[in-house]
Every structure is written in structure tokens, then in C-alpha cells.
Amino acid sequence: MRLDWLQHPVREDEPSVSLASVYRFLVALSFENLLKGIVIAHGENLGTVVKFGHKLVDLAKKVVTSSAVVFSKEEMRLLEGLEPYLTWAGRYPLPKDPDALIVRSHSSVEHDSELKLWDRLYGHLEAVGWFVKDGEGGRRRLYVTRERKIGPAG
């Protein structure tokens with residue numbers, strides 16, 4: 001399935017209802033994993049049970065505390081705008097709480113900002129951890145140690 005509507009525009013013969021919501025849900029999940037990876041890569045909570053939650057803004061604040069990554073106000077608003085997609089907007093037609101109802105949309109400006117932030121966070125995580133390519137298609141696996149044993153895989 002093609003979800004990135006800017007890279008692969010929806011054709012006339014395709015149903016397009018709610019593709020943006022699914023796309024934003026997956027983007028929000030990837031940000032959640034990146035942010036958690038950065039916190040862990042910087043040694044936060046290693047060796048203990050980690051309870052991060054799913055609020056991207058709270059995760060970003062943990063990243064700022066544990067690393068040199070700084071977020072602009074616009075980036076924090078972008079992450080906050082993705083949070084509803086983690087809890088309901090990318091999964092269900094309506095939220096449990098009517099006050100949580102939002103207009104589900106996605107602009108090309110938001111799209112570009114999300115990709116720019118994602119690339120920056122991925123680059124940071126790649127620099128502080130180390131990657132090994134494995135399997136077909138160049139899939140990567142991140143290994144985090146306090147002392148890097150090898151550099152990033154090319």
C-alpha cells in the first residue's frame with residue numbers, strides 16, 4: 001500500500017478516504033520510536049523498567065533532558081499535532097472523548113516539516129548508536145552501547 005500521498009498521489013481508481021490519517025498514524029509511531037531510541041541511546045533509564053508513554057511532546061522533553069537535541073516551538077507543535085493520531089485519529093473513526101475530536105488533515109507544509117524533523121532525529125540516533133545492516137533490502141538494526149564498538153553502517 002502506498003501511504004505517502006506526496007510521493008505517490010492517489011489515483012482516480014483508488015479510495016482515498018482516511019489515507020492521510022493512516023499515514024499520520026504511522027509517522028507518529030515512527031517519531032515515538034525515534035524519540036524513545038534517542039533517550040535510551042543516551043543512557044537514560046538503562047537497566048530499569050522504562051515507562052515512556054505515548055505523548056510525543058513528553059518524549060521530546062525527555063530527549064532534550066538526556067541529549068543535545070533541541071526542538072523549536074514549531075517542531076514541538078508538530079509533535080503535539082501528531083499525538084491524536086497515536087491515540088485515536090489514525091485508528092478509529094471517533095475519539096472516546098468528544099472534546100478530543102480534531103479535523104483530520106495533512107498539508108504539504110506539515111509533510112515537509114515532519115520529514116525534515118524525522119531526518120534530523122534519525123541522524124542523531126544513528127550518530128549515538130551503531131547500526132548493522134542485516135537481511136535483504138538493507139534493513140538496519142540499531143545496537144546501543146555506552147561505548148560504540150563500530151561506526152554506522154554505510
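Listing for the model above:
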| item | result |
| --- | --- |
| Difference of contour (0.36 nm per residue) and Cα-Cα distance, Glu12 to Lys51 | 9.6 nm |
| Range of Cα positions in the range 19-129 per principal axis (Å), largest first | 38, 31, 22 |
| Estimated inter-spin distance, Thr65 and Ala127, nm [label 7 Å along Cα→Cβ] | 2.3 |
| ³J(HN,Hα), Karplus 6.51/-1.76/1.60, whole Hz, each residue of the range 51-59, x for Gly, Pro | 10, 8, x, 10, 7, 5, 5, 5, 5 |
| Ranked Trp118, Trp88, criterion: other C-beta atoms within 10 Å, fewest first | Trp118, Trp88 |
| Label point distance in nm, Val22-Asp99, each placed 7 Å from Cα along Cα→Cβ | 3.2 |
| Nitroxide proxy distance, nm - points 7 Å out along Cα→Cβ at Leu29 and Arg120 | 2.5 |
| Val109, Val103 arranged by Cβ crowding within 10 Å, fewest neighbours leading | Val103, Val109 |
| Cβ-based exposure ranking for Ser108, Ser21, in which fewest neighbours within 10 Å come first | Ser108, Ser21 |
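Bear in mind that the values in this text are calculations on the coordinates, not laboratory data. Here the structure is a predicted model, which is why all the values come from computation and not from measurement. So basically every Cβ, Gly included, is an ideal-geometry build from the backbone, and we count neighbours across all protein chains shown.
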